[in-house]
Amino acid sequence: MKILSIFYKHKEGGFNKRLYKLYLALANRNIEVHYIAVEALPLTHPNIKKHILWTPLSDHENLFFWAFFIIMAPLYCTWVAWKCQVEKIVVFSSFYAAICSLAALIMRLKMVTFLRIDVLKESAFEKKPEYKILLNRMFERLGLFLSCLVIPNSRSLMSAISTRNKNLNYTVLPNNIENGVCLEYLDRKSIRKKYNLAEEHFIIVTASRLNPVKNIGFLIKAFSEASLDAGRLVIIGEDLNGTGERNRLEELASQLRVTKNTIFTGWIDEPLNIIAAADLFVFPTLQEGSPNALLEALSCDIACLGSRIPEIIEILYHEELLFSLSSTSELSQKLRKAIIDSKYRKKISVLSNERKKVFIFDWKALAANMIIQAGQRMQ
């Protein structure tokens, strides 16, 4: 089988890691994966074939770049699909499904679309211009309408998407936890020493891209209110889109007088190095799909707390592991209690480990099987 996919360029983060896992899983099954991008992705496998779409100003990703990409990519996808005689299209978002719609129609190809996040909801949170929201809505409707199978990564995401796009074939496949993934990161002392963290410090960690949707400022405020003398807040991540979010968060920490107890690590390729040495992982996001960072924290057998939103409830489930976003009081109380109350600390650790077990499965095998079976139904 030959499969066509597209993603414009490599980006740091869980989205691309999951995409590459899928490409490699298919390639290891002797399936040819033909991907289109404006530059080579960091993948090496004899069954993974790159097709580079030349695009001006690809380093800037401005309006001209995206206009050129949106116009030329559908034509290039169609040409590659015809030249390589691909049998199926597999993409990670409704935007790329829309980009591949011309190829799907002309070549009569079935398309499988994985969904990682509700783009329209995220656009509303970020207060993007109305024209961008309208474009995203158009891409979503076109891309999903032409998909033979739509695979959201949470029931909450499926509910939101299916309300806007009815009568489609949906199957939920959440992100998973790789069992034992943290075993190589258990040198707690050396990791803490690297970041000037003492054994007596209670380490609270979070990890994500730094943007308003991730709501890291909420965590900084709750940390400040908890007045934790022994507490240290470690924020793993970077503002990769140039929005100034990191500067805003650092200024907030300064205003709340917690700068000395707060560490901004910047982007780290292997965040588990720090997460494994922490005592508590906190994920205060406003909106998500099925967050890799939270699942990776669960894999490290540390206690986890998350915002009480549908997507996080699906993962953490227990009220003890959730907190309201209406105010910082509930989270600040739980942070303080995690330090001073050993019984509570043990309870949230046990509950987190219980939830970890739910997400230990072979995501790559399930995803590949879904694609292969959809292809079989096509014939």
**OP:** Output the qualifying pairs, or none if there are none: Cβ atoms under 8 angstrom, residues six or more apart or on different chains, first residue in the stretch 357-377 and at pLDDT 90 or above, second residue exposed (fewer than 15 other Cβ atoms within 10 Å of the Cβ) and part of a loop (DSSP other than H, G, I, E, B).
**Re:** 360/179; 370/171
Original post:
Which one of 326, 349 is surrounded by fewer than 19 Cβ atoms within 10 Å (Cβ to Cβ) and part of a loop (DSSP other than H, G, I, E, B)?
Top reply: 326
Original post:
So which residues in the stretch 97-141 are touching a strand residue (DSSP E or B) at 6+ places or on another chain (Cβ under 8 Å), without any contact (Cβ under 8 Å) to a residue 60 or more places away in the chain and among the aliphatic types (A, V, I, L, M)?
Top reply: 97, 104, 111
**OP:** Considering only the stretch 125-144, state which residues are touching a helix residue (DSSP H, G or I) at 6+ places or on another chain (Cβ under 7 Å) and of a type outside the set (Asp, Glu).
**Re:** 125, 132, 133, 136, 137, 139, 142, 143, 144
Subject >> Residues satisfying the stated conditions in the stretch 296-315, i.e. surrounded by fewer than 23 Cβ atoms within 10 Å (Cβ to Cβ) and aliphatic (A, V, I, L, M) >> reply: 302, 309, 313
Original post:
Given the structure, is residue 371 in contact with a strand residue (DSSP E or B) (Cβ under 9 Å, 6 or more places away or on another chain), in the same structural domain as residue 18 (by TED's automatic domain parsing) and surrounded by 20 or more Cβ atoms within 10 Å (Cβ to Cβ)?
Top reply: yes
Original post:
Do we find a residue being more than 23 Å from residue 345 (Cβ to Cβ), assigned to a loop (DSSP other than H, G, I, E, B) and touching a residue at least 40 places away in the same chain (Cβ under 8 Å) anywhere in the stretch 220-237?
Top reply: no
Original post:
Which residues, counting only those in the stretch 238-273, are polar (S, T, N, Q) and either in a helix (DSSP H, G or I) or over 21 Å from residue 297 (Cα atoms) (or both)?
Top reply: 241, 243, 247, 254, 255, 259, 261, 273
Original post:
For the stretch 317-325, does any single residue satisfy the condition of being farther than 19 Å from residue 197 by Cβ, within 17 Å of the chain's Cα centre (by Cα) and among the aliphatic types (A, V, I, L, M)?
Top reply: no
Subject >> Residues (surrounded by fewer than 15 Cβ atoms within 10 Å (Cβ to Cβ) and among the polar types (S, T, N, Q)) located in the stretch 4-57 >> reply: 28, 30, 44
**OP:** Residues being surrounded by fewer than 19 Cβ atoms within 10 Å (Cβ to Cβ) and among the acidic types (Asp, Glu): count how many of those fall in the stretch 108-145.
**Re:** 3
Original post:
Quick one: in the stretch 235-270, which of the residues that are touching a helix residue (DSSP H, G or I) at 6+ places or on another chain (Cβ under 7 Å) and surrounded by 19 or more Cβ atoms within 10 Å (Cβ to Cβ) is modelled with the lowest pLDDT?
Top reply: 245
Original post:
Since residue 368 meets every condition but one in (1) part of a helix (DSSP H, G or I); (2) within 16 Å of the chain's Cα centre (by Cα), which condition does it not meet?
Top reply: (2)
Subject >> Residues within the stretch 280-306 that are closer than 20 Å to residue 152 by Cα, outside any loop (DSSP other than H, G, I, E, B) and not charged (D, E, K, R), tallied >> reply: 4
Original post:
Looking at the stretch 157-166, is at least one residue part of a helix (DSSP H, G or I), among the β-branched types (Val, Ile, Thr) and out of contact with any helix residue (DSSP H, G or I) (no Cβ under 8 Å at 6 or more places or on another chain)?
Top reply: yes
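The values are calculated or read from the model by the stated rules, or taken from the named source; none is laboratory data. Since the model is a prediction, treat every value here as computed from it, not as a measurement. In this analysis, Cβ positions are derived from the backbone assuming ideal geometry, glycine residues included, and neighbour counts consider all displayed protein chains.
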